[in-house]
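Visitor: Take this structure first; my questions come after.
Values in this text are rule-based calculations from the coordinates and carry no lab data. Every value quoted in this text rests on a predicted model; they were computed, and no experiment measured them. Using ideal geometry, Cβ is built from the backbone for each residue, glycine included, and neighbour counts are taken over all protein chains shown.
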Amino acid sequence: MIASLTIQNFRGFRNLRLEGLRPATLIAGTNGVGKTSLLEAILLHLAPHNPTLTVTLNPLRGFEVQPADAEEIWGWLFTDRDTRRTIEIASVDVAGKRLEVRITLAPPILPTFSGSTTGNAIYSSIPGPVLTAPTQKELQIESWDQAGRNGRSRAFLTSEGVKVEWNQVGEFPPGGLLAARGRSTRDDAIRFSKVEEERRTGGLVPALRLLEPRLTGLSVLATAGVPMIHADIGIGKLLPLPYLGEGIGRLLSILLALEAARGGILLVDEVENGFHHSILPNVWSAIRSACDQWKVQIIATTHSFECIRAAHATLSFGDNPMLRLVRLDRRGEQIVPTLYEADTLEVAIEEGLEVR
């Protein structure tokens, strides 16, 4: 579990340091302050050997066309698009072990991609526009795991589009990101099938029943040739899960993603999306149980005071509260965090103070 995190020169973060993160950390703040960027930074930090993530972040931001220029693809990862800087993301876990990732956009350090595999280097490609010539810059990712082992990865453009190369060196916690919108029913079905194959579906139906009391079972069926989760609600036929509403589908996506991130970290953007405020306590109760069962740290963004209040009521009790609220504010060119302990958050909620 990440206990502290530092981010330098990534998106809007010139120099951000977060301390005292908990098993459940909520990120609040106004629009454009960097909540989603924080999740993106952690995702890249957890998977430095997967440079494809630096490309797939663009569609999540709404870029439907892949740019045909290295500066356009990767330039905005860097603060003020100043690619002379190095992105540095480091974390320390509860045992004091450090992970570190550095990202640069620089001239190539290796020969042009040859299409072969050597040693522990793995090559793959991402479809993109056809270019007239290779770019003179490439994205380079260097990482150090908790044992100090060093790995290098890169992503670069050729006449065939984006190529990536990575070395599987070191161990990093498993992690995943659930975007604010665009939930994939196909991905959920694949994850559910894996859980069902290993007979680990026991906690899913009781958790979802908090939102839909009629639910008695879940199954994967093909609809128009596409796998989709169906629900048994006692009407004599299995109902495609989306017909039960966005809330139950969103909760199942979160629970399946938590299971897939066992022993690691799940990042959720706008965690309250799809839920009526009245069921948020049940949502957080289900998330708490899943985090406990699968030993997962969840870091999520929110715009909702009701979401913060429900999370506090569910996670902030006892001698060692699970919840930490972090509010991000922009002050000049810096983004500054304010951390709320359980007691200060309790006072803020009781007094109706703005913590979003």
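Visitor: For region 175-351, what does the relative contact order come out to in percent, with C-alpha contacts under 8 Å and a separation of six or more? Intermediate values should be presented prior to the final figure.
Guide: Working: 243 pairs, mean separation 32.9, N = 177.
Result for region 175-351 is 19 percent.
Visitor: A further question follows. Direction-averaged shadow area of the convex hull around the Cα atoms of region 276-356, nm²?
Guide: Values: hull surface 24.5 nm².
For region 276-356, the mean projected area of the Cα convex hull comes to 6.1 nm².
Visitor: Given Cα pairs under 8 Å that are at least 6 residues apart, what percent is the relative contact order of the chain?
Guide: Once divided by the residue count of the chain, the mean separation gives 21 percent.
Visitor: Among Met322, Met1, which comes first, second and so on when ranked by fewest other beta-carbon atoms within 10 Å?
Guide: Ranking Met322, Met1 by Cβ neighbours within 10 Å, fewest first, gives Met1, Met322.
Visitor: As an exercise, identify the trypsin sites (Lys or Arg not before Pro) in region 145-181 lying in DSSP coil whose Cβ has no more than 12 other Cβ atoms within 10 Å.
Guide: Arg149, Arg181
Visitor: Can you list the residues, at least 5 places off or on another chain, whose amide H is less than 5 Å from the amide H of Ala180, using H built in the peptide plane?
Guide: Asp269
Visitor: Grab the DSSP H runs of the chain that are 4 residues or longer, score each as -39,500 (n - 2.57), total them, divide by all residues and round the 222 nm result to the nearest 500 deg cm²/dmol.
Guide: Values: 9 runs with 95 residues, N = 356.
Calculated at 222 nm, the ellipticity per residue is -8000 deg cm²/dmol.
Visitor: At most 15 other C-beta atoms within 10 Å and a DSSP loop state: those are the exposed chymotrypsin sites (Phe, Trp or Tyr not before Pro) I care about. Give me the longest piece of the chain that has none.
Guide: That would be 64-316.
Visitor: Restricting things to Cα coordinates, could you compute the convex hull volume per residue of region 1-64 in Å³?
Guide: 101
Visitor: Region 225-299: which trypsin sites (Lys or Arg not before Pro) are DSSP loop and have at most 16 other beta-carbon atoms within 10 angstrom?
Guide: Here the sparse-neighbourhood loop sites are Lys237, Arg262, Lys295.
Visitor: Report the label-to-label distance for Ser193 and Arg17 in nanometres (one decimal), using points 7 Å from each Cα along the Cα→Cβ vector.
Guide: For the pair Ser193/Arg17, the computed spacing is 4.8 nm.
Visitor: Between Val94 and Glu346, how high is the FRET efficiency from 1/(1 + (r/R0)^6) when r is the Cβ-Cβ distance and R₀ = 25 Å? Nearest 0.05.
Guide: It comes out at approximately 0.55.
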